[in-house]
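Reviewing the structure listed below.
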Amino acid sequence: MGHPRAGRLQSNPLLQRTVWIDKQTSNVMRIEEQTGPLPASFPFDKAESVVEYSFMSIDGKAFPLPVHSEILTCSAALPPAQE
């Protein structure tokens, strides 16, 4: 028997975003996102992500490119399985 929450679930929660911008170049250097409340039927309590950028040289020119990213999801407490 499959998990009671298995299958395709979709949610469009509110997102809180924080963006770090380089004062000298006005380039985005880091983006963080955190979800607002998720529906009780959703398998996660929350989800967060971060992407960090750094200047990388390509053909002698510096470009801000993603150099690190993380995604965190926290599992919701699951009800006991019913038989």
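The values are calculated or read from the model by the stated rules, or taken from the named source; none is laboratory data. Just so it is clear, the structure is predicted and the values come from calculations on it, not from any experiment. Note that each Cβ is placed from the backbone with ideal geometry, even for glycine, and that neighbours are counted across all protein chains shown.
Scanning the stretch 42-61 for residues that are among the hydrophobic types (A, V, I, L, M, F, W, C) and not in a strand (DSSP E or B) yields a count of 1.
Scanning the stretch 39-55 for residues that are of a type in the set (Gly, Ala, Ser) and surrounded by 15 or more Cβ atoms within 10 Å (Cβ to Cβ), which turns out nearest to the chain's Cα centre (by Cα)? Per the criteria, the residue is Ser49. Within the stretch 54-69, is even one residue of a type in the set (A, V, I, L, M) and either in contact with a Lys or Arg (Cβ under 9 Å, 6 or more places away or on another chain) or modelled with pLDDT under 80 (or both)? Checked the stretch 54-69: no residue is of a type in the set (A, V, I, L, M) and either in contact with a Lys or Arg (Cβ under 9 Å, 6 or more places away or on another chain) or modelled with pLDDT under 80 (or both). Note on the stretch 70-83: among residues that are in a loop (DSSP other than H, G, I, E, B) and out of contact with any Phe, Trp or Tyr (no Cβ under 8 Å at 6 or more places or on another chain), the one that is modelled with the highest pLDDT is Ala77.
Restricting attention to the stretch 56-64, does a residue exist that is under 30 Å from Asn12 (Cβ atoms), surrounded by 11 or more Cβ atoms within 10 Å (Cβ to Cβ) and within 18 Å of the chain's Cα centre (by Cα)? Before you say what the answer is, go through the steps one by one.
Filtering the stretch 56-64 for residues under 30 Å from Asn12 (Cβ atoms) gives 64.
Pick out the ones that are also surrounded by 11 or more Cβ atoms within 10 Å (Cβ to Cβ) and you get 64.
Of the ones still in play, those that are also within 18 Å of the chain's Cα centre (by Cα) are none.
Among the residues of the stretch 56-64, not one is under 30 Å from Asn12 (Cβ atoms), surrounded by 11 or more Cβ atoms within 10 Å (Cβ to Cβ) and within 18 Å of the chain's Cα centre (by Cα), which makes the answer no.
Could you check, for the stretch 2-20, whether at least one of its residues is modelled with pLDDT of 95 or more and surrounded by 12 or more Cβ atoms within 10 Å (Cβ to Cβ)? Yes, the stretch 2-20 contains a residue that is modelled with pLDDT of 95 or more and surrounded by 12 or more Cβ atoms within 10 Å (Cβ to Cβ).
Can you pull out every residue in the stretch 22-38 that is surrounded by 11 or more Cβ atoms within 10 Å (Cβ to Cβ) and either touching a residue at least 24 places away in the same chain (Cβ under 8 Å) or over 17 Å from Asn12 (Cβ atoms) (or both)? Residues satisfying the conditions are Asp22, Thr25, Asn27, Val28, Met29, Arg30, Ile31, Glu32, Pro37, Leu38.
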